[in-house]
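Undergrad: Supplied in structure tokens, the structure appears directly below.
The values are calculated or read from the model by the stated rules, or taken from the named source; none is laboratory data. Remember, it's a predicted structure, so these values are computed and weren't measured experimentally. Ideal geometry is used to build each Cβ from the backbone, glycine not excepted, and the neighbour counts take in all protein chains shown.
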Amino acid sequence: MWKKLRIAVLLFVLVVVAANAWYDQHRVHAWRQAVYVGIFPMAGDGSAVTRAYVAGLARGEYAAIPEFFSEEARRIGLALTDPVRIEVYGSPPNLPPAPPTGSMLATVWWSLKIRYYAWHYGVPPSGPRPVIRMFVVYHDPALSPSLAHSAGLEKGLIGVAHVFAVPHMRGSNDVVIAHELLHTFGATDKYDPVTDAPLFPDGYGDPAQVPRYPQRLAEVMAGRRALSASQQEMPASLDECVIGPATAAEIHWTQH
């Protein structure tokens, strides 16, 4: 009986969360006012390096992200010149659910768990309620040279970004966070899932560039800058990224 009651409570919570997310999603796509993004940083391992980095995060740690969206909004011609605002909140006591692997059922179950996690830990005690919640999980590169897959859910307006806890990676961390944030706005990946190579033309910063290689900029949803037809590299910061026409249409900045 108690098990059934717990499941019923969980389902009720998920229905409420889904209804709120539907309303927020429609409000986001209208782009009539700035979208508040709450960032919840946390240590993803027990490393002293990671804990010290998270504890010492400066107030302007994520300033480059709203600046990037403002610059791209002006370039593309969005009427709203300040589309994204960020608030940084405290660290949740527990890590987000691990990303799914394998079956579609596992992915669906993970999406339910991450929504419950965001409902439980993504409500700040004070300040504006974030429309989008980004859980930024830091890792010591000495312990984790490669990271778990990051994710952004448009339906739940939730993102999980796995990044490195070292100062010189701050710029590339911003790229990962902005990429997942754009997923919550409705943007799709613009890279080959097997090779990670940017897809032409939508995954190129400037597909009309002559000569085509090396690309000067990266399309942020490709996540990499094409150096040649078979070589690519991750941009060092958002200064090396753009929001391309396909992505701009997907997030309702332009008409399809």
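Undergrad: What tally of residues in the range 173-214 results from selecting those that are in a helix (DSSP H, G or I) and aromatic (Phe, Trp, Tyr)?
TA: Result for the range 173-214: 1.
Undergrad: Go through (1) at pLDDT 95 or above; (2) of a type outside the set (Lys, Arg); (3) farther than 25 Å from Asp45 by Cα and name the single condition Phe135 misses.
TA: (3)
Undergrad: All but one of (1) in contact (Cβ under 8 Å) with a residue 60 or more places away in the chain; (2) surrounded by fewer than 22 Cβ atoms within 10 Å (Cβ to Cβ); (3) in contact with a Ser or Thr (Cβ under 9 Å, 6 or more places away or on another chain) hold for Leu153; which doesn't?
TA: With respect to (1) in contact (Cβ under 8 Å) with a residue 60 or more places away in the chain; (2) surrounded by fewer than 22 Cβ atoms within 10 Å (Cβ to Cβ); (3) in contact with a Ser or Thr (Cβ under 9 Å, 6 or more places away or on another chain), Leu153 is out only on (1).
Undergrad: If you don't mind, there's one more thing I want to ask. Restricting the search to the range 190-235, which residues are surrounded by 18 or more Cβ atoms within 10 Å (Cβ to Cβ) and among the charged types (D, E, K, R)?
TA: Passing the criteria: Lys190, Asp202, Glu219, Arg224, Arg225.
Undergrad: Any residue in the range 44-58 that is in the same structural domain as Asn94 (by TED's automatic domain parsing) and at pLDDT 95 or above sitting within a Cβ distance under 7 Å of a residue that is crowded, with 17+ Cβ neighbours inside 10 Å and in a helix (DSSP H, G or I)? List the pairs, counting only those 6 or more apart or interchain.
TA: Listed by first residue and then by second, the contacts come to Gly44/Thr50.
Undergrad: Separate question: Within the range 83-119, track down each residue that is surrounded by fewer than 12 Cβ atoms within 10 Å (Cβ to Cβ) and at pLDDT 90 or above.
TA: Gly90, Pro93, Asn94
Undergrad: If you check Pro99 against the conditions, is it within 27 Å of Leu112 (Cβ to Cβ), over 16 Å from the mean Cα position of the chain (by Cα) and part of a loop (DSSP other than H, G, I, E, B)?
TA: no
Undergrad: Going by the conditions given, is Thr184 in contact (Cβ under 8 Å) with a residue 40 or more places away in the chain, exposed (fewer than 14 other Cβ atoms within 10 Å of the Cβ) and within 23 Å of Val37 (Cβ to Cβ)?
TA: Here the answer is no, as Thr184 does not meet what is asked.
Undergrad: Continuing with this model, one more query. Determine whether the range 108-121 contains at least one residue that is touching a helix residue (DSSP H, G or I) at 6+ places or on another chain (Cβ under 7 Å), over 19 Å from Pro66 (Cβ atoms) and without any contact (Cβ under 8 Å) to a residue 12 or more places away in the chain.
TA: No.
Undergrad: Also, I was wondering about something else. Would you mention how many residues in the range 225-243 are over 20 Å from Gly171 (Cβ atoms) and under 18 Å from the mean Cα position of the chain (by Cα)?
TA: Number of matching residues: 0.
Undergrad: Only one of Ser111, Ser70, Ser91 is assigned by TED's automatic domain parsing to the domain that holds His29, within 15 Å of Tyr36 (Cα to Cα) and either in a helix (DSSP H, G or I) or of a type in the set (Ser, Thr, Tyr) (or both). Can you tell me which?
TA: Ser70
Undergrad: Consider the range 124-150. How many of its residues are out of contact with any Asp or Glu (no Cβ under 8 Å at 6 or more places or on another chain) and either more than 22 Å from Val175 (Cβ to Cβ) or free of Cβ contacts under 8 Å to residues at least 12 places away in the same chain (or both)?
TA: So the answer is 5.
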